Amino acid sequence: MQRYTDRIVDAELDELLGLPAIALEGPNGVGKTSTAQRRARTVLRMDDPGDRELLAADPARLDTSEPPVLIDEWQRLPLAWDLVRRSVDRDHSGGRFLLTGSAGPATPPSHSGAGRIVRLRMRPLSLAERGLPEGPAVSLGDMLTGTATIAGASTMTLPDDV
């Protein structure tokens, strides 16, 4: 099993866990599921037919499962979005739901989730997160404050494929 790489988004996600529901969105392969699994106590995988059928047949499972509940690939059961929204309407406690998905559902949910489900965009690994042996040469923060020193060299070549 591959080791988890700490992400910049981890700190932001941990702050948002005080809210009832968070949807981690982003392209395939950026680590949404791995990031959410580190925080979840219950995992419902909507790409698993059994989990999908269980949730569709027993929506109350969301209120009785140990939070945080991760609903992975929620778009495979678009009803899941509205089930989470309704559950949050009943109980505004923080840290209840994490939803992950790379694509939108073919049939969009009936509600945007506004005021109930916060969307957090996850992007591919940054240069700093990749842990390159030379490290990043320039800090974006330093560039924005005008304190960056832009200089350096690299021993990496195109075939190094990092």
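Laboratory data are not the source of any read-out in this text; all were calculated from the coordinates shown. Not measured: the values here are computed from a predicted model. In this analysis, Cβ positions are derived from the backbone assuming ideal geometry, glycine residues included, and neighbour counts consider all displayed protein chains.
Tell me, what HN-Hα J-couplings in whole Hz come from the Karplus equation 6.51 cos²θ - 1.76 cosθ + 1.60 at θ = phi - 60° for each residue of the range 51-61, using x for Gly and Pro?
Working through the residues one at a time gives 4, 4, 5, 4, 5, 5, 7, 9, x, 5, 3 Hz.
For an R0 of 41 angstrom, estimate the FRET efficiency from the Cβ-Cβ distance between residue 14 and residue 157 and round to the nearest 0.05.
It comes to 0.65.
Each label point is 7 Å from the Cα along the Cα-to-Cβ direction; what then is the distance between the points at residue 28 and residue 48, in nm?
Here the modelled spin labels are 2.1 nm apart.
Quote to one decimal, in nm, the extra length available between residue 128 and residue 89 on full extension: 0.36 nm per residue of separation minus the C-alpha distance between them.
Full-extension gain reported as 10.1 nm.
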